[in-house]
1. Could you order peptides 270-282, 238-250, 131-143, 167-179 by the average number of other Cβ atoms within 10 Å of their residues, highest first?
2. Place a +1 charge on the Cβ of each Lys and Arg in segment 201-314 and a -1 charge on the Cβ of each Asp and Glu, then give the dipole magnitude about the Cα centre in debye, rounded to the nearest 20.
Amino acid sequence: MADKSEEENKENLKNEEAENLSDEIISSSDNETLPIQESENIEDSSDTIDPALFTGKDTLKADTENMEVHHHGHHHTQHETKRGWKSYFWEFLMLFLAVFCGSLAEYGLDHKIEDDRKVQYIATMISDLEQDTTLLGESITRFKQKGIEIDSLTTLLSAKNIKDQSAELYYYGRLASRFDFFTSTDHTIKQLENSGAFRLIRNTEAATAISEYYAEMTSTYHLQSNTNELAMEYRSTAYTFFDPAIFESMVNDETNNVISKPVGKPLLMSYDKVAIARLSSTLHYIKGSRLVLYNRYIFLNKKATALIELLKKQ
């Protein structure tokens, strides 16, 4: 009986050891399953793990996914850029229109200022021309009278009773060399030329008429200069005929530079016929130059009057 009990105990021990071994195997199997699950969890959360932690195929796959994500992002930015250029275009167009309109406004203002200056220049030029017509009218009257004076002196020098006409000879002899030449009022035209503002006169007809009128002044002044030279030549000859003391009594400060006829019959310093003929010849050239200037003054007066009317229309 004792032997049988011992055998049953041994058999029980073997059964317990087998059960313990089975539990250990099951436990070991459970422990090995846990890391697999954790690994699966790690793979599932790959979106939150740095791609640099992967190796091999996993790393290549992560890089590919990142490239795809970056590629899609590039298309998105390009799409936004295209939409931005449209916006930039409209902004540029609006800015361009603003600048363009501003330029037009500035141009219009400049144009108005130039028009105002042109009107002012034309007004002052009309005033200058009106003054010219007044001066030319006076010169025409004086030069007409000067012709009478020169003709009278020429006649007296050739008279047979020259000694009886001595008072008239002194009077006309003193007047013959006195000339009061015309001088144009050219303040406005000088301003236009010096400042370059003549371009403001855009009307071709008006600009041409202005240029032609003031161009006539050059030749007019030249004729006046020639006439004055002839008058100086006459004086250089006349001093041998006329007594300067008699001339002094005829015109001085007391007479307010007005020539008066001398009293009595003062004698000439010489009655040489050749010298008298030379003096008469000089008077002849003065007479011709005076006539040219007289006609020139009439011409300028008509031209100035016409130019005034033309500018008033402008």
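A short reminder: the numbers here are calculations on the coordinates, not readings from a lab. Quick caveat: nothing in here was measured; it's all calculated off a predicted structure. Positions of Cβ are backbone-derived with ideal geometry, glycine not excepted, and every protein chain shown enters the neighbour counts.
1. Ranking the peptides 270-282, 238-250, 131-143, 167-179 by packing returns 167-179, 131-143, 238-250, 270-282.
2. Details: 13 positive and 11 negative charges, 97 e Å.
Computed about the Cα centre, the dipole is about 460 debye.
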